[in-house]
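Okay, structure first, notes after.
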Amino acid sequence: ISQYQEIAQMTELNLKTLESEVFALTRAVNHVAKITQDTDKTIGLIDLGARSTTCSILEKEALKSSHSFKVGGNELTEIVAKSFGLKYNEAEKIRNQNGLVSDGAEKKNMRRVLVPIVDSILEEIKQAFRSFYREEGREIDKIFLAGGISLMPGMKEYFAASLKKPIVVLNPFANIAHPKILGNKLKEIGPSYAVAVGLALKGLE
C-alpha cells in the first residue's frame, strides 16, 4: 500500500481509493453478466495472470470465495524456453502463437510441454469448485476467463473440455462506449485489462 501511495505522490495523482484486484475483477464480470443475463448464475471466475492464477466464485453478483496459487503464464514461458532452448522473450512469443493447438508436429510438441502445467492449474480450480460444492451444495453454472493467458490458442477449448462447463473469455469493454474501429482490438486485449476496467467502473457506481 505504501508503494502505491508513494507512486501517487510522485506522479501528483490524487489517490482516492485502493482496492484488491479480485474486487475490481468481480465488478468487471458483473458488468458483463448483466449484459449476458447471467447475474442469477453461480459463476466461476478464473484470472490467468503472469505470476499467479486466481479462482473466484460469484453468486448473485457477490464474491463468495477466492483462491490464488502461484502458477501462471511465467511458468508456461519458462518451460517452453527450457524445453526448446529459447530465450525467454522468444519462448513467450512462440507460446502465444502456438498455445495448446495440436495441428502440426511443432504445435504438438508445444502442447505436450505445456499441458502438465495447464493441468496443474486445472486441478487447483477443480479443488476450489469441489470445496464450494461441499460447503454450499451448488455447482458452477458458467466460467469466465480473464488475464492475458486466457487468449493463448486452445486454452478456452482445453478448459471447457476439462471442466465441462460453458466458458467465455471476458471482454470487460462490452457495453462501454468506444469508437467502432477499436472494437476488435478492445476485445483482443480485454482479458488483460479486466482489473483496470473493473476499478474504473467503481468510479461510475
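We did not get these values from a lab; they are worked out from the coordinates using the rules stated. Small disclaimer: the values here were computed from a predicted structure and weren't measured. FYI the Cβ positions are ideal-geometry reconstructions off the backbone, even for glycines, and counts take in every protein chain you see.
Express in % the proportion of alpha carbon pairs of segment 131-187 at distances exceeding 16 Å.
Beyond 16 Å sits 57 percent of the P(r) for segment 131-187.
Once phi is turned into ³J(HN,Hα) by the Karplus curve 6.51 cos²θ - 1.76 cosθ + 1.60 with θ = phi - 60°, what whole-Hz value does each residue of segment 120-127 show in order, with x for glycine and proline?
Once θ is set to phi - 60°, the couplings for segment 120-127 become 5, 5, 5, 5, 4, 5, 4, 5 Hz.
Can you give the Rg to Rh ratio of segment 97-205, both from alpha-carbon atoms, with Rh computed by the Kirkwood formula?
Using Cα coordinates only, the ratio equals 1.04.
Using 0.36 nm per residue, how much length does the chain from residue 109 to residue 162 gain when fully extended, once their Cα-Cα distance is taken away?
Net length gain for the segment: 17.1 nm.
Over segment 64-110, what number does the Rg to Rh ratio reach, with both radii from the alpha-carbon atoms and Rh per Kirkwood?
A ratio of 1.11.
Taking θ = phi - 60°, what integer Hz values does the Karplus form 6.51 cos²θ - 1.76 cosθ + 1.60 yield along segment 137-145, in sequence order, with x for Gly and Pro?
Listing the rounded values in order: x, 10, 8, 6, 8, 8, 10, 10, 9 Hz.
If each residue of separation counts as 0.36 nm, what is the full-extension length gain between residue 64 and residue 12 once their alpha-carbon separation is subtracted?
15.1 nm is the gain from fully extending residue 64 to residue 12.
Which pairs, out of 16/165; 70/164; 34/64; 93/202; 70/93; 164/187, put more than 29 Å between their alpha-carbon atoms?
16/165; 93/202
What ranking do 60-72, 38-50, 161-173 get when scored by the average of other Cβ atoms within 10 Å per residue, highest first?
Order by mean packing, descending: 38-50, 161-173, 60-72.
Quick one: Cα centre-to-centre distance for segment 178-205 and segment 73-146, in angstrom?
Segment 178-205 and segment 73-146 have Cα centres separated by 24 Å.
Under a 5 Å amide H to amide H cut-off, with H placed in plane at 1.01 Å, what residues pair with residue 169 once short-range neighbours are removed?
Correct list: 145.
Could you work out how much longer the chain between residue 37 and residue 175 gets when fully extended? Use 0.36 nm per residue separation minus the Cα distance between them, nm to one decimal.
On the way: separation 138, 0.36 × 138 = 49.68 nm, distance 1.31 nm.
Between residue 37 and residue 175, full extension yields 48.4 nm more.
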